[in-house]
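The values are calculated or read from the model by the stated rules, or taken from the named source; none is laboratory data. These numbers come from a predicted model, not from an experiment. So basically every Cβ, Gly included, is an ideal-geometry build from the backbone, and we count neighbours across all protein chains shown.
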Ligand code: HEC
Ligand code: HEC
């Protein structure tokens, strides 16, 4: 019996496949003896393939192919797993167990599972960082990659990276990022060349992720960079030169440095933290309200009060081109529509204004009063 200690949760409809745990995971390209790709990337393929739903798209047939690859991978994996465990392949029966099936050796940190070995980790740890960390040794020129690209990539991405049909364009687009229809390509958009190596290595060709050797990835990466006029035809791409390439849009990305809150740190004369309580109820402060504001609140008409509470957030400053309170020019044409029309658009919404300014708890009369207040202000 071949035992496969793995979880395969399969959603047939969306063709999603999420292996949560594989024991032992088969390292992707580093454990060639089992010559199976890491299931993570098989799953990647399937999800990607599931996206290509247009019936006339070539991606469609990859659904089927990817699924076949998956099933094959599962079978091979089972074989590998059992071989690794020293099981004899006796009956050929395959058992896929559920996740919570008892672990074989309860050893790990939480009392189940087992520690990942260095080889297993290496199979998953394939990311390449912007500074080139993670790149394997290797070296190639665009010239080396030209025919490989033509064979394995041009079918979808075009001989010049121009993209076939709706497949992504890989070259060109410089200077278009600020245009209404930016063309985001490797050359115009990507901040790091190392990402290209990583992406091609882990995800391309679309139907056969991780099928390329490191040398091939270097060669094809070099060629895609060449298609973007970023390197010459005889440029020697290797661990060092790749990380040193400066992409045109490298400064177009930055870490979001906005603070989470606008609070300023109190350094002196601060409130005693012991006296601070957090409540969901508003509490009256000791400080008296400024005189003017409190009188105004008392004298406010119901229409104005509704306006302040529900309408001012847009109409005070003209958010989304809302006519500003009291601006005669902005209101003249509105008022010409007639009071009823204005009331109706305020109750039912208009353009970017939601019904009742978004406060549907308001009665029609409340809104009408607010509209009257606004009309009145426009006249003065
Ligand atoms: C069967 C069609 C197909 C083939 C063949 C193919 N790709 Fe792709 N490629 C795609 C699709 C589809 C995407 C978009 C995937 C996504 O967004 O998830 C893509 C995305 C890419 C991207 C990212 C583009 C971007 O700007 O986001 C690169 C780079 C790329 N492919 C390079 C290659 C290379 C190099 C090869 C050859 C080794 C290759 N592809 C082969 C279909 C293909
Ligand atoms: C989310 C922002 C927003 C809020 C809140 C909001 N409005 Fe508006 N309001 C707008 C915008 C935007 C327009 C212009 C709509 C258009 O002409 O497309 C507008 C237009 C109007 C008009 C002119 C309608 C017309 O037919 O030309 C009136 C009257 C009006 N608002 C009253 C109110 C009242 C009363 C409230 C509060 C109950 C309110 N608005 C709350 C955004 C807002």
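Scan the stretch 341-355 for residues that are at positive phi and either more than 6 Å from ligand 2 (Cβ to nearest atom) or not assigned by TED's automatic domain parsing to the domain that holds residue 306 (or both) and jot them down.
Result: 349, single match.
Considering the stretch 322-343, and only residues there that are assigned to a helix (DSSP H, G or I) and exposed (fewer than 15 other Cβ atoms within 10 Å of the Cβ), the residue that is farthest from ligand 1 (Cβ to nearest atom) turns out to be 339. For beta carbons closer than 7 Å, sequence separation of 6+ or different chains, a first residue in the stretch 134-160 that is more than 19 Å from residue 235 (Cβ to Cβ) and a second that is part of a helix (DSSP H, G or I) and modelled with pLDDT under 95, there are no qualifying pairs. Counting just the residues of the stretch 313-330 that are under 14 Å from residue 370 (Cβ atoms) and near ligand 2 (Cβ under 8 Å from one of its atoms), which one comes out farthest from the chain's Cα centre (by Cα)? The qualifying residue farthest from the chain's Cα centre (by Cα) is 323.
Residue count for the stretch 298-312, restricted to those that are more than 10 Å from ligand 2 (Cβ to nearest atom) and surrounded by fewer than 16 Cβ atoms within 10 Å (Cβ to Cβ): 6. Every condition in (1) in a loop (DSSP other than H, G, I, E, B); (2) more than 28 Å from the chain's Cα centre (by Cα) holds for residue 259 except the one numbered (2). With a requirement of 1 or more residues that are free of Cβ contacts under 8 Å to residues at least 24 places away in the same chain and surrounded by 15 or more Cβ atoms within 10 Å (Cβ to Cβ), the helices (runs of 4 or more DSSP H) lying completely within the stretch 162-255 that satisfy it span 193-203, 239-244. Yes or no: the stretch 369-376 includes at least one residue that is loosely packed, with under 12 Cβ neighbours inside 10 Å, assigned by TED's automatic domain parsing to the domain that holds residue 304 and either over 15 Å from residue 304 (Cβ atoms) or away from ligand 1 (no atom under 16 Å from the Cβ) (or both). No, the stretch 369-376 contains no residue that is loosely packed, with under 12 Cβ neighbours inside 10 Å, assigned by TED's automatic domain parsing to the domain that holds residue 304 and either over 15 Å from residue 304 (Cβ atoms) or away from ligand 1 (no atom under 16 Å from the Cβ) (or both).
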